[in-house]
Amino acid sequence: MKLILLGPPGSGKGTVAERLARERHFIPISMGEILREEVNKGTSLGQEIKKYIEKGNLVPDQLAVEMIKLAVGKKNHFILDGFPRTVEQAKKIAGLRIALVIYLDVTEKVILERLAGRRVCQKGEHIYHLQNLPPKKRGICDHDGSKLIQRKDDQPQVIKERLKVYQQKAKLLIEFYRKKSILSTVDGSLEPKEVYEEVVRRLGKKIK
Ligand code: AMP
């Protein structure tokens, strides 16, 4: 099944994707992760990308589309997390024939609380929250034992810019998928466990 997770930064897309991967064998494809990996490689492309991410801006559509297409390849059971973020990007992957778009709807207040408390492991794959989803051992990832850190773009000033950028584009994107009748909205302000269970129910409805 080909799935898209939509929602503002901090809506829980990464957390849902991580669990769907573990329990339902979806291949998680996170645009943010792919971009951060390129930055960490220190390539000249990575240095370009870094400038956008650090300011909380989107990388150009064409670059994002090329990178996501490379990552998707011939896979057919995957979740796109953080892609598309613009209608232009959505149009360019129409050929993938996405089955379902889950939109995690959350208020700005919840987002700000979540992002301020979000911590990720150094491998960048596992996500925690100081209050809502703490690791078993403080500051250490439950899954791979690496140290937990705060993403640079989770600092308050960058968060504000990321939300502004998101809000400008999101309404159009949500409308785009609503018109295609593949949009399913889930209340993303619930507890992580409840959000996940609701997402799985929506998947079930689509599969039947
Ligand atoms: P995320 O981890 O999804 O919050 O993404 C982190 C950052 O990567 C964003 O703030 C953007 O700078 C960039 N980014 C992620 N996804 C996209 C996308 N689909 N198009 C353009 N830029 C993106």
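Side notes on the structure shown:
- Between Glu197 and Val87, the distance separating the two model label sites (each 7 Å from Cα on the Cα→Cβ line) works out to 3.8 nm.
- Subtracting the Cα-Cα distance of Arg178 and His143 from 0.36 nm times their residue separation leaves 8.9 nm of extension gain.
- Gain on full extension, evaluated as 0.36 nm per residue between Leu130 and Glu161 minus their Cα-Cα distance, stands at 8.9 nm.
- Here the spin labels are modelled as points 7 Å beyond Cα on the Cα-Cβ line, and at Lys109 and Gln47 they lie 4.5 nm apart.
- Normalised by residue count, region 1-113 yields a Cα convex hull volume of 115 Å³ per residue.
- The loop-placed trypsin sites (Lys or Arg not before Pro) in region 31-120, going by DSSP, that have at most 12 neighbouring Cβ atoms within 10 Å of their Cβ come out as Lys74, Lys75, Arg97.
- A 1.4 Å probe run over the protein chains yields, for the chain, 56 Å² of accessible area per residue, whole-number rounding.
- Percent accessible area from carbon and sulfur atoms, the chain, protein chains only, probe 1.4 Å: 52
- Paramagnetic reach from Ala94 in region 3-36 [backbone N under 20 Å; point 7 Å along Cα→Cβ]: 3-5
- Distant alpha-carbon pairs in the chain (separation over 25 angstrom), percent: 34
- In order along region 92-106, the phi-based Karplus estimate (6.51 cos²θ - 1.76 cosθ + 1.60, θ = phi - 60°) of 3J(HN,Hα) comes to 6, 10, 4, x, 6, 6, 5, 7, 8, 10, 9, 9, 8, 8, 9 Hz; Gly and Pro are listed as x.
The values are calculated or read from the model by the stated rules, or taken from the named source; none is laboratory data. The shown structure was predicted, so the numbers you read here are calculated from the model rather than taken from an experiment. Counting neighbours? That spans all protein chains shown, and the Cβs are built from the backbone with ideal geometry, glycine included. Note: accessible area is taken over every heavy atom of the protein model, side chains too, but ligands, DNA and RNA are not part of it. Shrake-Rupley method; radii C 1.70, N 1.55, O 1.52, S 1.80 Å.
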